[in-house]
1. Give me Rg/Rg_expected for the stretch 69-130, where Rg uses Cα atoms only and Rg_expected = 2.2 N^0.38 Å with N residues.
2. What is the ratio of the Cα radius of gyration of the stretch 27-139 to 2.2 N^0.38 Å, with N the residue count, to two decimals?
3. Calculate how steeply helix 217-229 sits against the longest principal axis of the alpha-carbon atoms of the chain, using the helix alpha-carbon long axis, and give the answer as 0 to 90 degrees to the nearest 10.
4. Kindly put 159, 206, 258 in sequence by how many other C-beta atoms sit within 10 Å of each C-beta, fewest to most.
5. Can you flag which of 135/200; 2/136; 136/168; 139/233; 136/235 are past 21 Å Cα-Cα?
6. About its Cα centre, what dipole magnitude does the chain give when the only charges are +1 on Lys and Arg Cβ and -1 on Asp and Glu Cβ, stated in debye to the nearest 20?
7. Alpha carbons only, please: Rg and Dmax for the stretch 5-273, in angstrom.
8. Given 29, 66, 243, which one lies farthest toward the positive end of the charge dipole of the stretch 5-273, if we put +1 on the Cβ of every Lys and Arg and -1 on the Cβ of every Asp and Glu?
Amino acid sequence: MKPNTQQLQELTVQVRRDILRMVHAVNSGHPGGSLGCTEFFVTLYQHLMNRKEGFDMDGKNEDVFFLSNGHISPVFYSVLARSGYFPVSELATFRLLNSRLQGHPTTHEGLPGIRMASGSLGQGLSVALGAAQAKKLNKDLNLVYALLGDGELQEGQNWEAIMYAAAKNVDNIIATVDLNGQQIDGSTDEVLNMGSVKAKFEAFGWDVLDIKEGNNIDAIIAGMTDAKSRTGKGKPVCVLLHTEMGNGVDFMMHTHAWHGKAPNDEQLANALGQNPETLGDY
Ligand SMILES: [Mg+2]
């Protein structure tokens, strides 16, 4: 199906508004990484994934997605709601007591679309690999997608999973790394320089490709379509998605400052002014 990039772009702007308003309302949460991955989430759920109507935990006979860097829950919740998993109005309950939309996603709340608790970093790829192997056992030809942060790669468990995936030929997974070069305390190079992430994944036996314009919907579609074409060939597939943290809000870009900080009233008005309403606020 040919994608309607105009529609995807309009949804992207609306999701940015959701992220900003959710985080502002409770003066808490993570706008930077959420904004940086908005185009990716919109494209993933609205175009790339083979999804069934409704939601069940097993996710048999459909593509499934696992968010490892769970702190970017605002973008995940907004895109899930606007893809029909739960009412858009529920976004107003973000981070409130007893809400299904906790700061870090958990399965305990029973929110449709959430198959794994995340927020403790470094664990998502392991879970995704288990799901990918279950699909193979079930003769289910659909794919498993996972998203990881780049700072998150400093967690050791990732490298066990990366080693395992290639050794066991888990070739029905596409693991995307949000390569924004930032993490909570500064640039990834300053905090713990990892050298070439590409060379490391390749050394561990993965097929790796770059999406250089990770905030461009057409580039994401082209890159992820390429990634899909590389599945089923014996190697796990890694996409290095080059994004800008805080994308779409000028004062949140080119810094790690908005990793986990909410805008004040004035900053919110400024940010929303840069992203005029397209599909209706929640
Ligand atoms: Mg990062």
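Values quoted throughout were computed directly from the atomic coordinates according to the rules given, and no laboratory measurement underlies them. All figures in this text were calculated on a predicted structure; none of them were measured in a lab. Here the Cβ positions follow ideal geometry from the backbone for every residue, glycine too, while neighbour counts run over all protein chains shown.
1. 1.08
2. For the stretch 27-139, the normalised Cα radius of gyration comes out at 1.03.
3. 20
4. So the residues, fewest neighbours to most, are 159, 206, 258.
5. On the way: 135/200 27 Å; 2/136 29 Å; 136/168 12 Å; 139/233 16 Å; 136/235 14 Å.
Too far apart for the 21 Å limit: 135/200; 2/136.
6. So the magnitude is around 880 debye.
7. Over the stretch 5-273's Cα set, Rg and Dmax evaluate to 17.3, 53 Å.
8. Positive-most Cα among the choices belongs to 66.
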